[in-house]
Amino acid sequence: MAEEIALTGEPPAAPPVDNTPADHAPAPRFDWWAEAKGLFWLILAVLGFHSFIAKPFYIPSESMLPGLMVGDRLVVSKFAYGWSFVSPTIPNPVAIVEDVVFHRPVDGWSVQLPFIHGRLWGRMPDRGDVVIVTPPGQTSDYIKRVIGLPGETLAVRGGTVYINGRAIARGPMHYRELPVDANATCDPLQYGPARTVFPDGRLVCRRET
């Protein structure tokens, strides 16, 4: 046979070409169960981080100026003073739908556990610490500076703060010029003459520090 091919010069017949796609297997289906499990573990990890390690917060008001500006974002430790019944982050689907879908004001996207007295591995803050607190019966968070400790009495008379009957020492007033923008509007009805326009057109709010 090989001699006949060599003599005639004709190449051997090529095998038939199969033009059909080599991959006849059906396309893989989307695994909804695997995706749901992955999303579940992701949400669980985020909620666990928010509940036991740290949680992001947004500054919505001017109460902490000039140290914290309106619109500032910060991450707050959840274990600095121990864990309490307000520490876990439990999402509230109803509040989320009310806020995102219907754009109705809500206190927050989470719900609280029933009141439980005490804290786990708790310790008291020091005077001057900046803390986030949740008043009893509310779900809104408030960021404030600690000036009084348990057992002390506080009073404000004539603009002066008294702790245990003694006035806090005050020095000369100092001012800081904060730019006026959409976050810090320096409402004249609230701050009076603090809203100032410079000759170069800059609009600032002169706040006592």
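No lab work stands behind these numbers, since they all come straight from the coordinates. Here the structure is a predicted model, which means the values were calculated and not measured. Glycine gets a Cβ as well: all are built from the backbone with ideal geometry, and neighbour counts include every protein chain shown.
Excluding same-chain residues fewer than 8 positions from LYS55, which lysines have a Cα within less than 20 Å of its Cα?
Result set, ordered by chain and number: LYS78, LYS144.
Return the FRET efficiency for the residue pair ILE53, THR196: r is the Cβ-Cβ distance, R0 is 35 Å, and the value is rounded to the nearest 0.05.
According to the calculation, E is roughly 0.25.
Please work out whether the chain counts as rounded, prolate or oblate from its C-alpha gyration tensor, where a ≥ b ≥ c are the square roots of the eigenvalues and a/c under 1.5 means rounded, while otherwise a/b larger than b/c means prolate and anything else oblate?
Verdict is prolate for the chain.
Just check segment 166-205 against the gyration tensor rule for me: Cα atoms, a ≥ b ≥ c as the square roots of the eigenvalues, rounded for a/c under 1.5, and otherwise prolate or oblate depending on whether a/b exceeds b/c.
Values: a/c = 2.78, a/b = 1.96, b/c = 1.42.
Prolate, because a/c is 1.5 or more and a/b exceeds b/c.
Which net charge results for the neighbourhood of VAL106, defined as the other residues with beta-carbon distances under 10 angstrom from its beta-carbon, given Lys and Arg at +1 and Asp and Glu at -1?
Once positives and negatives cancel, what remains is -2.
With +1 on each Lys and Arg Cβ and -1 on each Asp and Glu Cβ, and nothing else charged, work out how big the dipole of the chain is about its Cα centre, in Debye to the nearest 20.
2240 debye
Sorted by mean Cβ packing within 10 Å, highest first, what order do the peptides 145-157, 86-98 take?
Ranking the peptides 145-157, 86-98 by packing returns 86-98, 145-157.
Show that you can apply the helix-only estimate: for the chain, add -39,500 (n - 2.57) for every DSSP H stretch of four or more residues, divide by all residues, and state [θ] at 222 nm to the nearest 500.
-5500 deg cm²/dmol
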